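Data block below; observations after.
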Amino acid sequence: MSSAQSSTMTWHDWLASETPTSRVQALSSRVYQSIGAVTANPAAFTGLIIISILILIAMFAGVITHGVSPYAQILAERLAAPSTTHWFGTDELGRDIFARIVYGARVTLTIVLLVSILVAPIGLAVGTLAGYLGGWVDIVLMRVTDVFLAFPRLVLALAFAAALGPGIENAVIAISLTAWPPYARMARAETIAIKNSDFISAVVLQGASTARILFRHIVPLCISSLIIRLTLDMAGIILTAAGLGFLGLGAQPPAAEWGAMVASGRNVILDQWWVATIPGFAIFIVSLGFNFLGDGLRDVFDPKKS
């Protein structure tokens, strides 16, 4: 490429180039094309917008609520209907529901983030070890996985949460203990397919260790599918956390957690509908956003897609 041509090359041309001249350009081009594919998919783009708004709400909760505390109780205004003063009304203790919804976004994102950090590595480690080593390792790990899969996730999460005690930390542990088996199954299936590839055979002939093959070659190829599956499971994680909060096994009062807010409003649902309905609507919207994003990512990055 001549200097005149390179001087007229735009950022779009550089990122969209099919013949990158460096690793930085290749990585940047891949990220750019992935972002373009996601934004071109209506479902993925809608989900991305919803999740981005949720993150912004959680980051700037104090600014959005104009300094209104989600814990401030004004008993004289308890169960007030939505108005210009209290956009979403107040609950049974006179707390502003709008402020509690906004701050509750932080709790929801915290649970999702912590569960993701725990679930993804556990499932990936179990699945790749079972798939690559095979033999008795595969049998033992998969039978343990089958035991966890034999129970409904919510029932098992309730059992773990009841045994560990109420609290958001214990709720995260309970959800994580029940959420990892599908990731292990998926990672195992992909690992079995990958380990029979020619390039893995070449790496083995070069004398690479098992750990190097797993971490440098197999795990990176499994990560994309795992991320898509994790995004699809976010809605289930949120609903499970809300269910634990509804039953008093998740975040404890006075924490602004959406499931606990629904529980506090169930006794007045017919007369003061906003107390339980608005937190339930927030759970619905966020769950829908993660489902849209997961479905869109699967459509965009599905290797079997023609």
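The values are calculated or read from the model by the stated rules, or taken from the named source; none is laboratory data. From a predicted model like this one, the values you see are computed outputs, not experimental measurements. Every residue, glycine as well, gets a Cβ built from its backbone with ideal geometry; the counts of neighbours run over all protein chains shown.
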Q. Does segment 83-94 contain any residue that is under 27 Å from Met234 (Cβ atoms) and surrounded by fewer than 16 Cβ atoms within 10 Å (Cβ to Cβ)?
A. yes
Q. Going through segment 139-154 one residue at a time, which ones are in contact with a Ser or Thr (Cβ under 9 Å, 6 or more places away or on another chain), assigned to a helix (DSSP H, G or I) and hydrophobic (A, V, I, L, M, F, W, C)?
A. Phe148, Leu154
**Q.** In segment 152-191, the residues that are surrounded by fewer than 16 Cβ atoms within 10 Å (Cβ to Cβ) and either basic (Lys, Arg) or under 19 Å from Val126 (Cα atoms) (or both)
**A.** Ala189
Q. Small (Gly, Ala, Ser), under 15 Å from the mean Cα position of the chain (by Cα) and either modelled with pLDDT of 90 or more or under 30 Å from Cys222 (Cβ atoms) (or both) - does that describe any residue in segment 112-120?
A. yes
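Residues are listed down the side, and each one gets a yes or a no for (1) within 30 Å of Glu257 (Cβ to Cβ); (2) touching a helix residue (DSSP H, G or I) at 6+ places or on another chain (Cβ under 6 Å); (3) modelled with pLDDT of 75 or more; (4) in a helix (DSSP H, G or I):
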position	(1), (2), (3), (4)
Thr21	no, no, no, no
Ala26	no, no, no, yes
Ser34	no, no, no, yes
Thr39	no, yes, yes, yes
Ile49	yes, no, yes, yes
Ile53	yes, no, yes, yes
Gln73	yes, no, yes, no
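Could you please let me know if Phe199 is surrounded by fewer than 12 Cβ atoms within 10 Å (Cβ to Cβ), in a helix (DSSP H, G or I), out of contact with any strand residue (DSSP E or B) (no Cβ under 9 Å at 6 or more places or on another chain) and not β-branched (Val, Ile, Thr)? Reasoning before the result, please.
Details: surrounded by fewer than 12 Cβ atoms within 10 Å (Cβ to Cβ): yes; in a helix (DSSP H, G or I): yes; out of contact with any strand residue (DSSP E or B) (no Cβ under 9 Å at 6 or more places or on another chain): yes; not β-branched (Val, Ile, Thr): yes.
Criteria met by Phe199.
What helices (runs of 4 or more DSSP H), lying completely within segment 219-306, carry at least 2 residues that are over 17 Å from the mean Cα position of the chain (by Cα), surrounded by fewer than 17 Cβ atoms within 10 Å (Cβ to Cβ) and not polar (S, T, N, Q)?
Details: elements: 219-246, 258-265, 274-301.
By residue number, 219-246, 274-301.
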Q. Applying the selection to segment 53-79, what residues are surrounded by 11 or more Cβ atoms within 10 Å (Cβ to Cβ) and either farther than 14 Å from Ala99 by Cα or touching a residue at least 40 places away in the same chain (Cβ under 8 Å) (or both)?
A. Ile53, Leu54, Ile55, Leu56, Ile57, Ala58, Ala61, Pro70, Tyr71, Glu77, Arg78, Leu79
